[in-house]
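Right, one structure below, let's go through it.
The values are calculated or read from the model by the stated rules, or taken from the named source; none is laboratory data. Not measured: the values here are computed from a predicted model. Methodologically, a virtual Cβ is constructed for each residue, glycine included, from the backbone with ideal geometry; neighbour enumeration extends over all protein chains shown.
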There are 2 protein chains.
Amino acid sequence: MVVSNRGPVSYARSPEGERLVRRGGGGLVTALRSLVAHHDVTWIASAMSEEDRLVAEEHAGEAFEETARDGSSYRLRLVAHDPSAYDWHYNVVANPTLWFLQHYLWGLPYTPDLDLGLHNAWSNGYLPVNEGFAAATVAELELEPHASVFFHDYHLYLAPRLVREQRPDALTTHFVHVPWPQSDYWHVLPEHLRRKIHQGLLANDIVGFHTRRWRRNFLRSCEDVLGAEVDYARGVVRHGGRHTLVTSHPIGIDPLEFDELKDDPRVLEYERLIVERRPEFLVLRVDRTDPSKNVVRGFRAFAFFLDVHPELHGRVTMLALLDPSRQDIPEYSEYLAAIQREARIVNDRFQREGWQPIDLQIADNFLQSVAAYKQYDALLVNPIFDGLNLVSKEAPLVNGRDGVLILSENAGSHEELGRWALTVNPLDLYGQAQAIHAALTMPAEERRARLEATCAHVRARDLASWIAAQLEDLDRFSASLVV
Amino acid sequence: MVVSNRGPVSYARSPEGERLVRRGGGGLVTALRSLVAHHDVTWIASAMSEEDRLVAEEHAGEAFEETARDGSSYRLRLVAHDPSAYDWHYNVVANPTLWFLQHYLWGLPYTPDLDLGLHNAWSNGYLPVNEGFAAATVAELELEPHASVFFHDYHLYLAPRLVREQRPDALTTHFVHVPWPQSDYWHVLPEHLRRKIHQGLLANDIVGFHTRRWRRNFLRSCEDVLGAEVDYARGVVRHGGRHTLVTSHPIGIDPLEFDELKDDPRVLEYERLIVERRPEFLVLRVDRTDPSKNVVRGFRAFAFFLDVHPELHGRVTMLALLDPSRQDIPEYSEYLAAIQREARIVNDRFQREGWQPIDLQIADNFLQSVAAYKQYDALLVNPIFDGLNLVSKEAPLVNGRDGVLILSENAGSHEELGRWALTVNPLDLYGQAQAIHAALTMPAEERRARLEATCAHVRARDLASWIAAQLEDLDRFSASLVV
């Protein structure tokens, strides 16, 4: 049983009044595709669109049969939350409050204010939405009492405990896809809220993270925030008469998907357009317009690089393909404005006839991104903090120019890929400018060797192995219960 | 031997051309007064004023005899740094970079940029100033080879290692008066800088903090940043063939000083003025205008409290006595402006004939602060993070109204005083508004009991006991060397 805020499909209605089924390509959905293909899965998710709510109503809120992209069938249960509650849950608590907290993004002298609005959004938004998920999960457990439950991410921290209260014997895991900050930073929330979040997660049998770093942070913060007893060697937390196994498994991608996409006619057409426009060197970034992604500093670092290397003017472009993200939230729309402003400043300063240093494209266009993946000479992945970062795994796999990965030390994928990348500190403009230059002037054999090693790793640690590792954890945990 | 950026005296010149000696009342200077009184002390500090530089020159940069306020004599050595180097050290690296880092104050999506300016300020400011301190320390150790060296605070992280290289057998301790953030937040600096800071401190035999919390953070960050071997139970870090004892001793105050100040005629005059103006209830805050002190949110919380308690309009004033701080640094002047703006917003909204809700006074006036200490009904100490916070110890000692302390969970003094205070989360406006109301409506006996317990603690854990604890640490460390 998979429980996540965003589901594998979303429903819409065509202008002709026909129901449309949109099978999402988002990270988690792709990730769990192989689970759906090989197991009997019930998926519980929020009804997000108007049409989702109609579908949920038609099934009286119960699960119904759906079909995945590859034809495998699964059961889907859409939870139709109260619309205001869902707005508070999503647009006030989950993003920005928790997201900003978990990525160390708040500027604490001024933000956030934990005012009545936040307290209300917690009590009347985050809590009831989690209650809705818990009730749906318990209802499904009635039907399949021996199912394992997989909760996902920061939208659902309270649900596991609510389920546990009613189903003490359920086997549950929770995978956290974002960074786990250290305990001081959890003080952005008042004590009773940060305790509830930790207690909620510890109601699971297993809690998983992408990296050893976030896992270590979670083990320590359970000790600091709750006074829990922690066995660091085994990764076990004891609290409230229960114990929880804490693991780390970096998520992978599906190499076959990218092997196919690479030669997709639509991708080839986008690639032709990029090749037509590109100068000698292409520095690429592909991100959501999220403050954690550090786009503004990336542009500043690029300007700094141009400043010191006039010999490369006209010969290099930074292509920034940015998916506009969460624009209902002021912190996000302000960041998008800052991105546009900074690109303009850099272009105004350096551009000349026939050469624009930064090519900024704000759109959600995955096929175009894959085309750009094939063409980069340097890929800049410089997040301030990032749970994992899939771009750093996807892009090398299809790259055809022995492109070099420039990777933030605070991206989760750095634990795996750091040894073949040029490591940068995300705040260090000087270091990033140096890395761009180093990438573009690196000897061909070295570039090729780094890229090949990266791809070999990404192919070996694929999505299927990530799913397998989670299922092994479940077996390991169940076995330890028997012993 | 005491080594600190700010010395116990500063020299100036009167309009008549006469040399003036200003004996400072700052935290560290007061703290070390009893050390000077009972031991043969040489103090090494920066020549900060023009006249300081002249005095240093007159003594050819060597130590000379000075007299403390109580008449005890000591030796003073002023280090005259290159003025640009000192500006970069103080106004770029120490404040704001390290200060903001150590108090979790950066808004990472936008600040800081580690640009050429910062890299230059480190190499040509922070490093040479530390080299200057190290050279002076080594020179004094030539004269007194068996002296123990006490380094202080975040201005001098590199000096201990430089001294150690030349004097492997010197006995050195370093007391850090600010919070020690957790390892993720040290990633605000590139790896080589955060390593140098940790290595610098670990060149000491002992490193001291005000709280168990900052001590724990330091032990862990030595493990995370340097891969050092840490014995958490004993508080010992092994790194680079050496071992360092890490301790925590909260600094105290001198009760006698406040017993005397309480009846000082100048204080009584200020008190008379306060009594004349005060309404029924006085909520007090006394701070530097530092973003870590959280003044803006304090005003917002007070407005929120007024919002919910119209029955107290006209009956309560928040008196904010704020010492303008580090106004050469843009982050600080912007914060002072934000303080003034917020006070204006609150006053414009609530004030009426004969009542101003917030009485904001921007001045450095310690005697007026002591007068206000005597008069508060509630003392708001709500820092975002604070190494210790002396106001929370000084004010209760002279308070004559059974005033209630409202204390941030992130103030270092919360480890000692939290049990008798009303604890608040510094970002939680709602919680702070509730605490103000709870303080003003608390039964008299409870207020008295809390205040008496606080004062008993502050008297028992005084400044002399803090100094004694440091000297015991030295004995303990030396003994362990013999064993």
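Taken over segment A:1-26, the criterion of being within 24 Å of A:Ala134 (Cβ to Cβ) and either in contact with a Gly (Cβ under 8 Å, 6 or more places away or on another chain) or at pLDDT below 95 (or both) is satisfied by A:Arg6, A:Gly7, A:Pro8, A:Val9, A:Ser10, A:Gly24, A:Gly26. Restricting attention to segment B:274-296, the residues that are assigned to a helix (DSSP H, G or I), surrounded by fewer than 24 Cβ atoms within 10 Å (Cβ to Cβ) and in contact (Cβ under 8 Å) with a residue 12 or more places away in the chain add up to 4.
The helices (runs of 4 or more DSSP H) falling completely within segment B:47-154 that include 1 or more residues that are among the charged types (D, E, K, R) map to B:50-58, B:83-88, B:127-143. Within segment B:209-229, is even one residue within 14 Å of B:His174 (Cα to Cα), out of contact with any Cys (no Cβ under 9 Å at 6 or more places or on another chain) and part of a strand (DSSP E or B)? Among the residues of segment B:209-229, at least one is within 14 Å of B:His174 (Cα to Cα), out of contact with any Cys (no Cβ under 9 Å at 6 or more places or on another chain) and part of a strand (DSSP E or B), which makes the answer yes.
Filtered by the rule that a residue be free of Cβ contacts under 8 Å to residues at least 40 places away in the same chain and within 14 Å of chain A (Cβ to nearest Cβ), segment B:340-397 gives a lone residue, B:Arg341. Just one of the listed residues (B:Thr42, B:Thr67) is of a type in the set (Ser, Thr, Tyr), surrounded by 17 or more Cβ atoms within 10 Å (Cβ to Cβ) and touching a strand residue (DSSP E or B) at 6+ places or on another chain (Cβ under 7 Å), namely B:Thr42. Screening A:Ala121, A:Ala136 for residues that are within 17 Å of A:Val3 (Cβ to Cβ) and either small (Gly, Ala, Ser) or within 14 Å of chain B (Cβ to nearest Cβ) (or both) leaves exactly one candidate, A:Ala136. Of all residues assigned to segment B:192-199, none qualifies as being surrounded by 21 or more Cβ atoms within 10 Å (Cβ to Cβ), modelled with pLDDT of 95 or more, over 30 Å from B:Gly107 (Cα atoms) and not β-branched (Val, Ile, Thr). Within the span defined as segment A:17-28, one or more residues are touching a residue at least 12 places away in the same chain (Cβ under 8 Å), of a type outside the set (Lys, Arg) and part of a helix (DSSP H, G or I).
Condition check for B:Pro109 on (1) touching a helix residue (DSSP H, G or I) at 6+ places or on another chain (Cβ under 7 Å); (2) buried (at least 21 other Cβ atoms within 10 Å of the Cβ); (3) touching a residue at least 24 places away in the same chain (Cβ under 8 Å): one failure, at (3). Taken over segment B:432-445, the criterion of being of a type in the set (A, V, I, L, M, F, W, C) and surrounded by fewer than 20 Cβ atoms within 10 Å (Cβ to Cβ) is satisfied by B:Ala438, B:Met442, B:Ala444.
Of all residues in segment A:186-205, those being more than 10 Å from chain B (Cβ to nearest Cβ), more than 23 Å from A:Asn410 (Cβ to Cβ) and out of contact with any Lys or Arg (no Cβ under 9 Å at 6 or more places or on another chain) number 1.
For segment A:90-118, the set of residues classified as of a type outside the set (A, V, I, L, M, F, W, C), within 12 Å of chain B (Cβ to nearest Cβ) and over 17 Å from A:Val176 (Cβ atoms) consists of A:Pro96, A:Gly107, A:Pro109, A:Tyr110, A:Thr111, A:Pro112, A:Asp113, A:Asp115, A:Gly117, listed by residue number.
When residues in segment B:315-338 are screened for being among the β-branched types (Val, Ile, Thr) and closer than 25 Å to B:Phe305 by Cα, 2 of them pass. Residues of segment B:307-339 that are more than 14 Å from every other protein chain (Cβ to nearest Cβ) and within 21 Å of B:Tyr430 (Cβ to Cβ): B:His309, B:Pro310, B:Glu311, B:Leu312, B:His313, B:Val316, B:Met318, B:Ala320. Considering only residues in segment B:158-174 that are part of a helix (DSSP H, G or I) and either basic (Lys, Arg) or not assigned by TED's automatic domain parsing to the domain that holds B:Ser123 (or both), the one that is nearest to the chain's Cα centre (by Cα) turns out to be B:Arg161. Within the set A:Ser248, A:Ser292, the sole residue that is more than 25 Å from A:Glu353 (Cβ to Cβ), more than 14 Å from every other protein chain (Cβ to nearest Cβ) and touching a Phe, Trp or Tyr at 6+ places or on another chain (Cβ under 7 Å) turns out to be A:Ser248.
The set of residues in segment A:337-348 that are under 17 Å from A:Val286 (Cα atoms) and surrounded by 20 or more Cβ atoms within 10 Å (Cβ to Cβ) comprises A:Ile339, A:Glu342, A:Ala343. A Cβ distance below 6 Å, combined with a sequence gap of six or more or placement on separate chains, defines the contacts here; from segment B:63-90, residues that are closer than 30 Å to B:Gly117 by Cα reach residues that are assigned to a strand (DSSP E or B) in the pairs B:Val79/B:Ser46. Here is the figure for segment A:297-330: residues that are modelled with pLDDT under 95 and part of a helix (DSSP H, G or I) total 1. You will find that of A:His146, A:His155, A:His177, the residue that is away from chain B (no Cβ under 14 Å), surrounded by fewer than 23 Cβ atoms within 10 Å (Cβ to Cβ) and under 23 Å from the mean Cα position of the chain (by Cα) is A:His177 and no other.
Conditions tested, residue by residue: (1) within 12 Å of another protein chain (Cβ to nearest Cβ); (2) closer than 30 Å to A:Ala147 by Cβ.
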| position | (1), (2) |
| --- | --- |
| A:Ala411 | yes, no |
| A:Glu415 | no, no |
| A:Trp420 | no, no |
| A:Val424 | yes, no |
| A:Met442 | no, no |
| A:Leu451 | no, no |
| A:Val458 | no, no |
| A:Trp466 | no, yes |
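Against the numbered list (1) surrounded by fewer than 23 Cβ atoms within 10 Å (Cβ to Cβ); (2) within 14 Å of chain B (Cβ to nearest Cβ), A:Tyr86 comes up short only at (2). So in segment A:270-299, with the set limited to residues that are more than 28 Å from the chain's Cα centre (by Cα) and of a type outside the set (A, V, I, L, M, F, W, C), which one is farthest from B:Pro112 (Cα to Cα)? Among those residues, the one meeting the criterion is A:Arg272. Counting only residues that are charged (D, E, K, R) and closer than 14 Å to A:Gln340 by Cα, segment A:288-321 holds 4 of them.
Does A:Leu429 meet the test of being crowded, with 23+ Cβ neighbours inside 10 Å, in contact (Cβ under 8 Å) with a residue 12 or more places away in the chain and either more than 30 Å from B:Asp184 (Cα to Cα) or within 13 Å of chain B (Cβ to nearest Cβ) (or both)? When the stated conditions are applied, A:Leu429 passes them. Selection within segment A:366-417: residues that are in a strand (DSSP E or B) and under 21 Å from A:Pro324 (Cα atoms). The member of this set that is nearest to the chain's Cα centre (by Cα) is A:Asp386. When we screen A:Asp153, A:Asp184, A:Asp115 for residues that are among the acidic types (Asp, Glu) and more than 30 Å from B:Pro291 (Cβ to Cβ), the only hit is A:Asp153.
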